[in-house]
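What follows is a single structure, written as structure tokens, with notes after it.
The values are calculated or read from the model by the stated rules, or taken from the named source; none is laboratory data. Remember, it's a predicted structure, so these values are computed and weren't measured experimentally. Positions of Cβ are generated from backbone atoms using ideal geometry, with glycine treated the same way; all protein chains shown enter the neighbour counts.
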Amino acid sequence: MRFCLTFLSVCVLVCISVFAEDKTKGEAQDVEYCQLARNPLSFSGKRIRVRAIYVYDSEVRLLEPPTCCMEAGPKIWARIVELDDHSGKLFRKKLDKGMGVALVVFVGKFESGFAGPLGAKFRMTVEKIDKVERSAKSSGQSPRPSWAQRCQPRVAQP
């Protein structure tokens, strides 16, 4: 009898911890890229959902602004980890080969204090791809599509 009670208690505790972990992992704060770029430290350690331009090749995986132009926005490195089936299929089909740019909605943990490639000080560990709105392959010499153009620095008006 005592063994059954102990076993039942352990089972209940395992179920509760799995449920709590899934619930925490399922919640992500929606963040506009410009909001993230203006105050990245306020999102450090948080799980977020962000829409961004994803620039990639064999060595580079950076996030850039999809709409706002930042004079000197932070460099955000994208680290792709184990993805669920749907996200994995999207990644392999549209984002994993060669060079390119894509307009995507990523979900993952945002981190500061990262000393990464190309001077990136921030990293988003991508756990899920909600959506790939547009994507284009690149040869490195071809111009970017109009929807993924880099912002031009603002010129001060006299």
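Determine, yes or no, whether P40 is within 20 Å of R134 (Cβ to Cβ) and either surrounded by 10 or more Cβ atoms within 10 Å (Cβ to Cβ) or modelled with pLDDT of 90 or more (or both).
No: the conditions fail for P40.
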Out of all the residues in region 102-122, which are at pLDDT 90 or above, closer than 22 Å to T67 by Cβ and crowded, with 18+ Cβ neighbours inside 10 Å?
A102, L103, V104, F106, V107, G108, F110, F122
In region 75-101, which residues are surrounded by fewer than 17 Cβ atoms within 10 Å (Cβ to Cβ) and over 16 Å from V132 (Cα atoms)?
R79, V81, E82, G98
Region 34-80 - residue that is in a loop (DSSP other than H, G, I, E, B) and of a type in the set (V, I, T) and, of those, nearest to the chain's Cα centre (by Cα):
V60
L83 passes all but one of the listed conditions (1) at positive phi; (2) at pLDDT 90 or above; the exception is number (1)
Is one or more of the residues making up region 127-134 assigned to a loop (DSSP other than H, G, I, E, B) and touching a helix residue (DSSP H, G or I) at 6+ places or on another chain (Cβ under 7 Å)?
no
Verdict on A115 being in contact with a Pro (Cβ under 9 Å, 6 or more places away or on another chain), without any contact (Cβ under 8 Å) to a residue 40 or more places away in the chain and among the hydrophobic types (A, V, I, L, M, F, W, C)
no
